[in-house]
Amino acid sequence: MNSLHPRIRLVWIGQAAVSAAMFALVVGVVDFFTLEIGLLLSGGVFLALLVLFAIHSLLRYRVWRYEIRGDELYLERGVFTRVKTVVPFVRIQHVDARRSPLERLTGLASTVVYTAGSRGADVTVPGLTPTGADDLQARLKRLATEAEGDDAV
Amino acid sequence: MTGTKLHPVSIPYRVVQGGIGVLPLVIFGAIFAAPVVGGLSFVLLPVVIALVIGALIAWQVAYYRRFEYELTPETFDIRSGVISRRNREIPYARIQNIDISRNVVQRALDVAEVRIETAGGSQTEATLRYVAYEEAKRLQNDLRRQKRDAEADVEEPGAEEPERTIYEITANDLVVLAVASFDLRLASAVFVLLSFAAPGVLVEVVAGLPVSPIVVVAAALVLVVIGSALLSGVGAVFNTYGFRLTQAGDELRYERGLIQRFDGTIPLDKVQTLAFRENLLKRLFGYSTLAIETAGYAPGRGDANVGSEAAVPIARRERAWGIGREIEAFPDVDLERPPKRARYRYVVRYLIGFAVLGGLLFAAEFLTGVETYWYAAAVGLPIAPLAGHFKWKARGYRAAEGYVLTRNGFWRQTTRVVPYYRVQNVIETQTLFQRRWRLASVAIDTAGTGSLIGGDSRAVDLDREAAERFRDTVAERLQESLIERARRKRLEREARARRRALRERPLWDPDAAALEGSRNGERGREAFDWVAESDLSPASTGRAGRSPDPGAEGAVSGDPQADEEATESVEDTGDDEASADHGEREVEDPDGER
């Protein structure tokens, strides 16, 4: 079982900071027009949320696992609801390597696997090094091509 | 051009149709413009209307003249468009469904609308508005035959398969359906609407009556329930009146509708899931509904039965399940129930629900002083264990021979049957609460459409270890059944090649051809769209034995000359999307860099 690159925590905490800031902004605006408590409230909200989200990110990192098995890609994730997904190579439609701005900043990348399923249609493996993501993409691509495909659907 | 035109009646019909849409706007515009243009508008209005009608007629005549369709040897071609022209070529092998619908007016004029659906497309690939009903039926037949010839590479192209009736709705069934299709959700929707519509007026009326408001509310409730029962019953009868399901070759066809008639097809080789829907009423009467989900598209979408089409709207349970077994030969097995502690979990959950309700009502009474009868929530004490028990009893799952079965729902019970080779991925989930009870759920994902509307194949609240085993079993069986299918297909292809070789080249040694076929077949077929064309070609030679000359095998997809060859190579890639490279308008990016 592989865990993600430790630096993914930075990406997630970065994302957490952005959403916490958004929340704080909304609270700040509402406060400005109604309660008039001042910046202390927004700042407090921001800090509280940031801490909560950061803890969530750390737990998330500890739970996240993936593995390339004989016939399938296996993923384990989720802090509150634990989700374990089995994606058979035969079902892979295509594989993307992707880098968001935050990921580029931290020198990370993700791989997205698409299937024709209607529920788990796309599965993302985050927290890879750029070469790691390319490798995973190439490897999955090869495995998917080798797998005896009947119908993709 | 030797194409066929639409039915001439479609010109006046479409003009009237367009007029109904446009003329109110024109008249509206004229009324608003009246103050500006003054008295002139009385003169102008008829002129404008005449102009609009003239334009409509001219447009529809041009549309009619420009619209042509044609059945070519490999594709169904449609040339259309007044200003921007569009030529569309649909390979027969890609066609999934051919649906015909007729409303009252169209039935009187004896014309029909034909819709052609392809796999993977989210919208209708082609629509013919309107052709004669006879012509529509002929098209449905011809397209199906062409599709079969293109796909199956049959021995005698053009042979008509006999159509046999599988199911026909009786008056008795229709009555049962009308009663059983009663849905409490409709009643609650009506009720919510009522309470929003005129609360003030209602409250006044209720207060003015000489009886207790409780009685009035109860009476209203009963009325709403009766009303919505009537409504859903009438709707069901209108939708399914005269339902008939027939099978011709590898395709099911249905006809239904009292006022608007629908004729549709369900391709059997695209079936993803069978769903047996049995709500409480149906179970009490011993009836069942069979719905079929096909990939990427559910026929008859857009009307009341969203999601998947009912192949058997209502029938005795044994009958519906029997028809289901004819379509997919799944074994008759008992389902496994979730462990007993799942039942405790439901009981506890319901008790908590009732306690919260009682608490809220008590708080409301405490705060407002209005009598809320909060202690009535104690009724939950006997109800919760019962509800929990039935909820638990309704659930089931089983990884059976060839198929995986799941069942859920007490009020609206659905049993879903998925062949292993249709499984897309398997997802095991465990919420925080489930972890406390050592339970987990497993969802089985297919490419069917019903899943989008909340109808998933789910085994809920299994023992944690059982869930893990179930998940792995389904994934393993998927691999096994795929290998088995590939083997069977290869054998079929070899047998076909041998027969053809015997037929076409009596002097050539058929055993050598069979040998060649098996060797090539083992190389497998690449089903993925990033595979470059050059990589694909050698794999497509799985149809070996066709020609002893290896040079002739080079002619693969993309070659306009390749008639049977091309359609075969499409079949060999096994992917619906892969056939897009064969003269289709949307050519997929072969690198898959999307």
Sticking with the crude label model, points 7 Å out along Cα→Cβ, report the distance from B:Val234 to B:Val222 in nm, one decimal please.
-> 2.2
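Rounded, prolate or oblate: which fits the range A:66-146, taking a ≥ b ≥ c as square roots of the Cα gyration tensor eigenvalues, rounded meaning a/c under 1.5, else prolate when a/b beats b/c? The partial results should precede the final answer.
On the way: a/c = 1.77, a/b = 1.21, b/c = 1.47.
Because a/c hits 1.5 or more and a/b fails to exceed b/c, the range A:66-146 counts as oblate.
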Among the trypsin sites (Lys or Arg not before Pro) in the range A:85-126, which ones are in a DSSP loop with at most 16 other Cβ atoms within 10 Å of the Cβ? Mind listing them?
-> A:Arg99
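Round to the nearest 0.05 the FRET efficiency obtained for A:Leu47 and B:Val175 when R0 = 60 Å and r is the Cβ-Cβ distance. Walk me through the numbers before you get to the answer.
Working: r = 66 Å, r/R0 = 1.10.
Approximately 0.35, to the nearest 0.05.
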What are the trypsin sites (Lys or Arg not before Pro) within the range B:73-112 that DSSP puts in a loop, where the Cβ has at most 15 other Cβ atoms within 10 Å?
-> B:Arg85
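Tell me, B:His7, A:His56 in order of fewest to most beta-carbon neighbours within 10 Å?
On the way: B:His7 21, A:His56 15.
Ascending Cβ contact count within 10 Å gives the list A:His56, B:His7.
In which sequence would B:Arg416, B:Arg337, A:Arg65 go, from the one with the fewest C-beta neighbours within 10 Å to the one with the most? Provide the component values of the computation, followed by the final result.
Values: B:Arg416 27, B:Arg337 17, A:Arg65 14.
Exposure proxy ranking, most exposed first: A:Arg65, B:Arg337, B:Arg416.
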Hits among lysines - C-alpha to C-alpha of B:Lys147 under 19 Å, sequence gap 8 or more where chains match | B:Lys137, B:Lys270, B:Lys489
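Going by how many other beta carbons lie within 10 Å of each one, how would you line up A:Val95, B:Val379, B:Val271, fewest first? It would help to have the intermediate numbers written out before the result.
Working: A:Val95 24, B:Val379 11, B:Val271 21.
Listed from fewest to most nearby Cβ atoms, that is B:Val379, B:Val271, A:Val95.
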Please turn the phi angles of the range B:407-413 into ³J(HN,Hα) values with the Karplus equation 6.51 cos²θ - 1.76 cosθ + 1.60 (θ = phi - 60°), one per residue in order, whole Hz, x for glycine and proline.
-> 9, 8, x, 8, 5, 10, 7
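Please give me, ordered by residue number, the GluC sites (Glu not before Pro) of the range A:33-83 that lie in loop per DSSP and have at most 10 other Cβ atoms within 10 Å.
Those that pass, being in a loop and sparsely packed, are A:Glu36.
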Indicate the gyration tensor shape class of the range B:61-139 (rounded, prolate or oblate), computed on the Cα atoms with a ≥ b ≥ c the square roots of the eigenvalues: a/c under 1.5 is rounded; otherwise a/b larger than b/c is prolate and the rest oblate.
-> oblate
For chain A, longest principal axis from Cα atoms; helix A:130-146 axis from its Cα atoms; angle between them, nearest 10 degrees, is 40
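Let me confirm one metric for peptide A:76-85, namely the mean number of other chain beta-carbon atoms within 10 Å of its residues' beta-carbons. Don't skip to the answer; put the middle values down first.
Details: counts 1, 0, 4, 1, 5, 8, 8, 6, 10, 8.
What the average comes to for A:76-85 is 5.
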Proximal lysines to B:Lys393, defined as alpha-carbon separation beneath 18 angstrom and excluding residues fewer than eight positions away on the same chain = B:Lys282, B:Lys340
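A short reminder: the numbers here are calculations on the coordinates, not readings from a lab. Note that the structure is predicted; figures quoted are calculated from it, not measured. Every residue, glycine among them, receives a Cβ derived from its backbone with ideal geometry; neighbour counts consider all protein chains shown.
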